[in-house]
Each structure stands twice: as C-alpha cells, then as structure tokens.
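The values are calculated or read from the model by the stated rules, or taken from the named source; none is laboratory data. Fair warning: this is a prediction, and the values are worked out from it, not measured in the lab. Here Cβ is always computed from backbone atoms with ideal geometry, including for glycine, and neighbour counts include all displayed protein chains. Calculation scope for accessible area: heavy atoms of the full protein, side chains included, ligands and nucleic acids excluded. Shrake-Rupley method; radii C 1.70, N 1.55, O 1.52, S 1.80 Å.
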Amino acid sequence: RSVNLTAFSDWLSSTSLPLIGAILLLSFGAALYIGWRLGQKTRREKAESDPLLTSAVLGLLALLLSFTYSLAVDRYEARRLLVQQEANAIGTMYLRAQLLEEPHRAAISRILIDYTDNRLALAGAGPRENRDLVARNDRLLDDFWSASAAAYPSLRSVEFVGVFYESANELIDLDSTRKSARLARVPPVIFILLFGYITVTAALLGYFAQNNRSLTQSCLFIGLLISFLLVIVDIDQPTMGGIRESQAPMERLRASLPD
C-alpha cells in the first residue's frame, strides 16, 4: 500500500496542473452523467429525504475541503517563514565573515554569495532543474564548511569563535530544514479520499437532478470544485504551478551583497 501511495504522490508532484484538471473533469463529469442516467431510468419522484441527503453529503465535502486546504496552507506558511529565517542566517553569517582575516574573509564571503544565488535559482526551478541545483547547493555547503574549518586556527584564541561557528551551524541546519519542509506535503491518502468522495458526490448530484436546469447547476458546481482542488494541489507542490513562497527576503539580501 505504501508503494502505491508513494507512486501517487510522485505522480501528483510531477504532473502539470492542466493535465490534473483534465483528468478530474473527465472523472467527475463521467460520475455526474452516470448518476443522472441512473436517476432518469428509475423514473421515480424524488423523496423529501433526497435534499437532506444531498445537504449532508455537501456538508461533509465542505469539511473535507477545508481540512485539506488548511493542511496545504500550513505547509506553505512553514516554507515561507523558513525563507525569512534562512535569509537572516545568511546575512548574519556574511557580516561575521567580514571580521575574519584574509584569505578566509574573501573565500567565505564568495561562497555565501554563490549560495544565495543558488537558493534563489532553486526556489524558481522546476523538477527537471531541481536535481542539479540541489547538488550544487550541497557542494557549496561542503565548501562553506571547509572554508570555515580552515579559518579555525586564526579564531580559536578569540572569544568570537563560538558565535561564528554557531552561525555556521545554523545556516547548515536551515538547509536541512528547508529540504524537509519541501517534502512535507498533504498525505496522498487524503487526496485519494477527497477525489473519491467528490466522485461519489458528483454521481449523487446527477442522480437527484430533476431537470436540465438542475443538471447544469451541478455541472457548474463540479467545475468550481475542480478549480478549488487545483488551487490546493498547487499550494501543496513547492516546485509545480504558480503558487510558491515569496523569495523577497532572499532577494533583498542578495541586493545588499556585492556582485
């Protein structure tokens, strides 16, 4: 089961939103049509309990949608706040590196500038470019730590040494935290449950549609549901779509650093 869920999560994170929207439209549209045809074949008058059942189903759907949206937004907010924290950590590290003697000051400063440029490129990269940029990110971190370790003999007799390496460790830790935050997404089982529930809801709406006007209203409602689902998927995917955490703190930091 875990393999299937992992495969579904990987598919969801690597598939374009228009294709996902087309699949949802075909699936929910087919369920709506099948439900409508079954309702026509029964040729019975709708009971008074029908609208109550529909209201109950839609109420539970609203709860599931709000829960899934909340999970996606929480993860988005976590990624957004980490951008600010990392910008602060890089900025602090750069300022403290200016207190070092040469050649350590120039070496660490250059690495931090390249690292900031790479982080900005990584934030706007798609899945194809992501792997190479992550590899370069890791190489820069290795170079940063090597350069920091090389500066240790000139710092070990100074009280500043503890503060300097505390900042270095914080910067490295934030890299790991941001990577974990990008992998923290809405559990795929929730999306599967939501897609299945909406499919059943579409079938019920079609089944209880009394005329063409009711069917048209149900089609419009399904279209709105698909749009909202795509927004949730977009928010939950940090490397796909157009809704990504703002990089303004990193951009302001880069503007303050020399070229």
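On the protein heavy atoms, probe 1.4 angstrom, tell me the percent of accessible surface of the chain carried by carbon and sulfur.
Taking all protein chains in place, the chain shows 60 percent carbon and sulfur surface.
Using Cα springs under 10 Å in a Gaussian network model of the chain, which residue among Val83, Val158, Val231 shows the largest mean-square fluctuation?
Val158
Tell me, what is the percent relative contact order of the chain, built from C-alpha pairs under 8 Å that lie six or more residues apart?
Numbers: 223 pairs, mean separation 115.6, N = 259.
Computed value for the chain: 45 percent relative contact order.
If you take the charge dipole of the chain about its Cα centre, with +1 on Lys and Arg Cβ and -1 on Asp and Glu Cβ, which of Gly206, Thr42, Ala89 is farthest toward its positive end?
Thr42
Note down the magnitude of the dipole of the chain about its Cα centre, charges +1 on Lys and Arg C-beta and -1 on Asp and Glu C-beta and zero elsewhere, to the nearest 20 debye. Show your work: numbers first, answer last.
Working: 26 positive and 26 negative charges, 249 e Å.
So the magnitude is around 1200 debye.
Simple spin-label model, 7 Å along Cα-to-Cβ: Glu159 to Gln84 in nm?
Here the answer is 3.2 nm between the modelled labels.
To check my understanding: the extent here is largest minus smallest coordinate of the Cα atoms along each principal axis. What are those three numbers for the chain, in Å, largest first?
90, 36, 30
Under the 0.36 nm per residue contour assumption, what length would be gained going from the current alpha-carbon distance of Leu230 and Ala106 to full extension?
Values: separation 124, 0.36 × 124 = 44.64 nm, distance 4.65 nm.
Gain on stretching Leu230 to Ala106: 40.0 nm.
Return the sequence-ordered ³J(HN,Hα) values of the stretch 86-96 in whole Hz as given by the Karplus equation 6.51 cos²θ - 1.76 cosθ + 1.60 applied to θ = phi - 60°, using x for Gly and Pro.
5, 4, 4, 5, 5, x, 5, 5, 5, 5, 6
Below 8 Å between Cα atoms, with a sequence gap of 6+, how large is the relative contact order for the stretch 99-200 in percent? Write down the numbers at each step before the final one.
Working: 33 pairs, mean separation 26.9, N = 102.
Relative contact order for the stretch 99-200 comes out at 26 percent.
Sticking with the crude label model, points 7 Å out along Cα→Cβ, report the distance from Ser70 to Leu95 in nm, one decimal please.
Rounded to a tenth, the inter-label distance reads 3.9 nm.
Kindly provide the GluC sites (Glu not before Pro) of the stretch 56-104 that DSSP labels as loop, not H, G, I, E or B, and whose Cβ sees at most 13 other Cβ atoms within 10 Å. Before the final figure, lay out the partial values.
Working: sites: Glu77, Glu86, Glu101; in loops: Glu101.
Passing sites in the stretch 56-104 are Glu101.
Taking the mean number of other Cβ atoms within 10 Å as a proxy for protection, how do you rank 201-210, 131-140 from highest to lowest?
Numbers: 201-210: 21.2, 131-140: 14.3.
Sorting 201-210, 131-140 by mean packing, highest first, produces 201-210, 131-140.
For every helix of n ≥ 4 consecutive DSSP H residues, a contribution of -39,500 (n - 2.57) applies; sum these over the chain, divide by its total residues, and give [θ] at 222 nm rounded to the nearest 500 deg cm²/dmol.
Details: 9 runs with 210 residues, N = 259.
About -28500 deg cm²/dmol.
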